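**Q** Sharing a structure, written as structure tokens. Questions coming.
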Amino acid sequence: MVEEIKRLERKLIHKGAIIDYYQDTMQIPNGNVVKWDLIDHKGAAAIVAVREDGKLLMVRQYRNALDRETLEIPAGGLNGREEPTETAARRELQEETGYTANEVELLTSIYTTVAFCNEKIDIYVARGLKHPGKQHLDEDEYINVEAYSIEELKDMIFSCKIQDAKTICGILAYASKY
């Protein structure tokens, strides 16, 4: 069991559009006082969208942090901490792919980087997809929609072509459960 750790102070260093960066002053069990970083995130939702033919909808987009395109499951941040994650997952599916879903079910929940960030992503599975129209992308998004079999996606994961954590978790959880 971990001995008592006490937060002495939390200082906001920078308030960002997506995250807030804090520095915490902590007293650890041996009595030392240390500084720990915290990235505060309002949360996110992602969705494994399964077509009638069994293929999963994926989105290909440029990611600035990696300076390259990635292949991911549809996902996005919550509009506020109080927004239900299912609502956000359904919204992101429609915005990023143009599809809606008759059935949405919670698949798993993950914390992306527990050492310094509290971002939690609820990952859903969607079935009964309907393609009502076009994407409704944010002004800074450019997304191509693609579809792959679960085997193709697993091959991409294990050959390191897919490296996004939420995508790996969502695909492997889906493959394990269904």
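The values are calculated or read from the model by the stated rules, or taken from the named source; none is laboratory data. Only a predicted model underlies this, so the values are computations on that prediction, with no experimental measurement involved. Here Cβ is always computed from backbone atoms with ideal geometry, including for glycine, and neighbour counts include all displayed protein chains.
**Q** Any idea which residue in segment 20-52 is surrounded by the fewest Cβ atoms within 10 Å (Cβ to Cβ), counting only those that are assigned to a loop (DSSP other than H, G, I, E, B) and in contact (Cβ under 8 Å) with a residue 12 or more places away in the chain?
**A** Ranking the qualifying residues of segment 20-52, first place goes to 52.
**Q** Based on what the data block shows, is residue 104 assigned to a strand (DSSP E or B), more than 14 Å from the chain's Cα centre (by Cα) and more than 27 Å from residue 21 (Cβ to Cβ)? Spell out the reasoning first.
**A** Working: assigned to a strand (DSSP E or B): yes; more than 14 Å from the chain's Cα centre (by Cα): yes; more than 27 Å from residue 21 (Cβ to Cβ): yes.
So residue 104 fits the description; yes.
**Q** Something else about it: For segment 10-61, which positions are charged (D, E, K, R), within 24 Å of residue 73 (Cα to Cα) and touching an Asp or Glu at 6+ places or on another chain (Cβ under 6 Å)? Don't jump to the end; show me each part of the working.
**A** Taking segment 10-61 and keeping what is charged (D, E, K, R), we get 10-11, 15, 20, 24, 35, 37, 40, 42, 51-53, 55, 60.
After this cut, where a residue has to be within 24 Å of residue 73 (Cα to Cα) as well, the list is 40, 42, 51-53, 55, 60.
Scanning segment 10-61 gives 40, 60.
**Q** Condition test on residue 64, is it at pLDDT 95 or above and among the polar types (S, T, N, Q)?
**A** Details: at pLDDT 95 or above: no; among the polar types (S, T, N, Q): yes.
Against the criterion (at pLDDT 95 or above and among the polar types (S, T, N, Q)), residue 64 does not qualify.
**Q** Could you figure out which of (1) of a type in the set (Ser, Thr, Tyr); (2) touching a helix residue (DSSP H, G or I) at 6+ places or on another chain (Cβ under 7 Å); (3) loosely packed, with under 13 Cβ neighbours inside 10 Å isn't true of residue 113?
**A** For residue 113, the exception is condition (2).
**Q** Within segment 25-35, is even one residue of a type in the set (D, E, K, R), within 25 Å of the chain's Cα centre (by Cα) and at pLDDT 95 or above?
**A** Residues of segment 25-35 of a type in the set (D, E, K, R): 35.
Still in the list and also within 25 Å of the chain's Cα centre (by Cα): none.
Taking every residue of segment 25-35 in turn, none turns out to be of a type in the set (D, E, K, R), within 25 Å of the chain's Cα centre (by Cα) and at pLDDT 95 or above.
**Q** Is segment 57-71 home to any residue that is of a type in the set (Lys, Arg), more than 16 Å from the chain's Cα centre (by Cα) and in the same structural domain as residue 163 (by TED's automatic domain parsing)?
**A** Of the residues in segment 57-71, the ones of a type in the set (Lys, Arg) are 60, 63, 68.
Then drop every residue that is not more than 16 Å from the chain's Cα centre (by Cα), which leaves 68.
In the following step, the residues that additionally are in the same structural domain as residue 163 (by TED's automatic domain parsing) were identified as 68.
Yes: one or more hits.
**Q** Please go through segment 53-106 and pick out each residue that is under 18 Å from residue 122 (Cα atoms), charged (D, E, K, R) and either surrounded by 14 or more Cβ atoms within 10 Å (Cβ to Cβ) or in contact with a Ser or Thr (Cβ under 7 Å, 6 or more places away or on another chain) (or both).
**A** 72, 83, 86, 90, 91, 92, 95, 96 - these are the residues of segment 53-106 that are under 18 Å from residue 122 (Cα atoms), charged (D, E, K, R) and either surrounded by 14 or more Cβ atoms within 10 Å (Cβ to Cβ) or in contact with a Ser or Thr (Cβ under 7 Å, 6 or more places away or on another chain) (or both).
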